[in-house]
Every structure is written in structure tokens, then in C-alpha cells.
Amino acid sequence: MTARGLDSKGDEPYAIQVEAFRLIIAIDQALTYLESRDIDASVYRVELKNWIDMVLHVPNNWGGSSAVQTGFPPTPMAHLQTLAILLDVDRPSLSPKPEQTLRTVLNTVFELLSDDEGLSDSLRAYIYRLANEMRTALDDESLVGSFDFADAAERLWVALQAAAGQSQRNESAWKQASADLFRDAGAAALGSMPSLALTVMQLMQTAS
């Protein structure tokens, strides 16, 4: 408890633990994607267990004194780096139904905005502007190539998380909307238009 800071006041230590496992889940989804492309990811599957152990600091003792190499052995760390390089070369492609997937999420967001009175005016205006910009870009083919969907979706994801935190009665609905933004992570949730360079892995890493 002391080593992790979980005995201190505040939510940050717990948020760090959640973030660590969010990244573990992202790695697992990335491996599923690589395997779907008949890429041999077996060495990374083996290392995934080691990476989880590293997050949990198993079988070591967080309260004890140990060298960095004890908790983070060089070989699993090296494999983590090579996986990152591999994903830079071959990231998850985008879903064949980008417009419909994204429009469905945006429609849900607009419905929640009109129904949820628990949001602050500034957050409501921010979410509306983001969602409206994305919908406008989808409607106007001339904007598709120049609109930064990756950046907009990243900011929208963060805003939806904030809305879930503020909402008094629609917390689960806001969380579901943010989850839907990245559903079917193995195949990537958004976009197939060539101009959309958005991938689930990019978003999960940057938005978190």
C-alpha cells in the first residue's frame, strides 16, 4: 500500500493502477489484431503474462527494496519495445463501416446532451462543439480529407469521460458512449476512408 501510494489521500494512485491495466488490455487487443493477420505473435503472448506480473510486481514484494531489473526484467522490456516497433509498422486497420459507427455515437451524444441537465454549461458547450464538428466533417466530403478525426475523437473521448463524472443520472450512458467510440477494438472502431488515419491503439494511448 505504501510503495504504491494507495494509502495516501486522493484518487491519483488508483487512477495509475487503472491506467496500467488499460494499457495491458490495449496490448492484448493489439495481439489479437496481429494474429488475425496471421502474424506469429506467440512470443508476445508469452510475454503478456510477464508484463501483467510486472504491473502486479509478482512474485516480488512492493514493500521491499529491490533493483529495477527485479521488477522490470530486461528481456520482457525488450520484447515490449519490439512490439511497439511492430505496431508502428502494422497498426489495426479501420472498420469497414466508419461513417455509421461514428454517426451512431454522435447521435447518442446529442441525445444525452439534450436529456442530461447535470452537466456544466462549459462542458456541455465543449462536447456539443466537438460532436458537431465531427458530424459536419462527415456530412461534407470536401472536409473529410482535411479534418483531423484522430484529434477530435481523442478530445471527445476525454470529454465523454468528464461528462460521466459530472452526470447525476446518465453516468453509465456517457461511459457507454465513450466505450462505443472504440468498440470492436481488434478490428478498430472508426473509419475506413483512406483519409482517416485514426486507429484504436493510437487513441487508447493518447486519450488515456
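The values are calculated or read from the model by the stated rules, or taken from the named source; none is laboratory data. Please read all numbers here as calculations on a predicted model, not as lab measurements. When we count neighbours, we look across all protein chains shown, and the Cβ atoms used for this are built from the backbone with ideal geometry, even at glycine.
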Worksheet item: Pairs, please: C-beta under 8 Å, at least 6 apart or cross-chain, first residue in contact (Cβ under 8 Å) with a residue 60 or more places away in the chain and not assigned by TED's automatic domain parsing to the domain that holds E154 and in the range 121-142, second surrounded by 11 or more Cβ atoms within 10 Å (Cβ to Cβ) and assigned to a helix (DSSP H, G or I)?
Response: none
Fill in: Selection within the range 30-59 - of a type in the set (S, T, N, Q), out of contact with any helix residue (DSSP H, G or I) (no Cβ under 7 Å at 6 or more places or on another chain) and within 19 Å of I85 (Cβ to Cβ)
T32, S42
Worksheet item: Do you know which of the residues in the range 1-44 that are acidic (D, E) and more than 25 Å from V158 (Cβ to Cβ) is modelled with the highest pLDDT?
Response: D40
Worksheet item: Out of all the residues in the range 125-142, which are surrounded by 15 or more Cβ atoms within 10 Å (Cβ to Cβ), out of contact with any Leu (no Cβ under 6 Å at 6 or more places or on another chain) and among the basic types (K, R)?
Response: none
